Amino acid sequence: MPNIKIFSGSSHRELSHKIADRLGMELGKVVTKKFSNQETCVEIGESVRGEDVYIVQSGCGEINDNLMELLIMINACKIASASRVTAVIPCFPYARQDKKDKSRAPISAKLVANMLSVSGADHIITMDLHASQIQGFFDIPVDNLYAEPAVLKWIKENIPEWKNCTIVSPDAGGAKRVTSIADRLNVDFALIHKERKKANEVDRMVLVGDVTDRVAILVDDMADTCGTVCHAADKLISAGATKVYAILTHGIFSGPAISRINNACCHLNRIALYAFYLSSLFFLSSVIWVCIQTVKSSPVPHG
């Protein structure tokens, strides 16, 4: 019967430690460093032969370096005879490049999926993929976890006026997400159609739905430069919303994001993102625990 090993990449060691603590385990020994020419070097500090290995590495921060480090860690464990290698990737890298939306555009999410498979990954655990079809880029099992249960719980516990609210998607792509939440809460939903001049720069927004004299709750999977969130908040206030809450699964916050949030209209209630950091911790550790129990309950092959 294989034992369980959890290793952490350098993208989010605190999350890895909390997952291991929740599972009552110690993180495996691994050293990650760079040569003077910036090549990534990984040294697994303990035996993984016949083990069930989980590698926690998110697509945040220095995305390219973290992705390369994850691929090397997966390959290092695989060629060291690990029984199975699962990549735990809370924020999937290059998830927004999931389709060919113009001539000669790459489908980078598919490329990342291929790289993970070729490196030796047997299983992928991720959370709130930007587009669900990314799961189809893989020929190995993919668990796409949803933040919806934690979002519903947070809304009911922290927004007193939630029964008089409208769940709003900041773009058409998130319509399915907000309609599901709105149905569970038995409230209305709305969406904002946005037009971009170029990547990360919103040109104009059109609100479809009614938020007059209601609390507006923006729900999105990702916030990068926060231009969309802040423009959407202004649009909702001008449309008559009494308050605006923004609930985001993946807070990337690159470039001018923090200053934009700080300078946003005073009605934008900036939620404690730590609440959703904890929710992702809960879901990831719970799924890993289920996987561990599945492995432990599987019969040991003979012969």
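The values are calculated or read from the model by the stated rules, or taken from the named source; none is laboratory data. If you're wondering where the values come from, they're calculated on a predicted model, not measured in any experiment. Counting neighbours? That spans all protein chains shown, and the Cβs are built from the backbone with ideal geometry, glycine included. Quick note on the areas: whole protein, heavy atoms, side chains included, nothing else; ligands and nucleic acids left out. Shrake-Rupley method; radii C 1.70, N 1.55, O 1.52, S 1.80 Å.
The one condition from (1) open to solvent by 40 Å² or more (accessible area, probe 1.4 Å); (2) farther than 25 Å from ALA239 by Cβ; (3) not aromatic (Phe, Trp, Tyr) that ASP128 does not meet is (1).
Residue selection: ALA223 satisfies the criterion of being of a type in the set (Gly, Ala, Ser), open to solvent by less than 30 Å² (accessible area, probe 1.4 Å) and either touching a strand residue (DSSP E or B) at 6+ places or on another chain (Cβ under 8 Å) or modelled with pLDDT of 50 or more (or both).
Here no strands (runs of 3 or more DSSP E) wholly within the stretch 1-106 include at least 3 residues being in contact with a helix residue (DSSP H, G or I) (Cβ under 8 Å, 6 or more places away or on another chain), open to solvent by less than 40 Å² (accessible area, probe 1.4 Å) and on the phi > 0 side of the Ramachandran plot. Could you say whether any residue in the stretch 153-160 is crowded, with 16+ Cβ neighbours inside 10 Å and not assigned by the TED database to the domain that holds LYS243? Scanning the stretch 153-160, I find no residue that is crowded, with 16+ Cβ neighbours inside 10 Å and not assigned by the TED database to the domain that holds LYS243, so the answer is no.
Scanning the stretch 231-242 for residues that are in contact with a Leu (Cβ under 7 Å, 6 or more places away or on another chain) and open to solvent by 10 Å² or more (accessible area, probe 1.4 Å) returns LYS235, ALA239.
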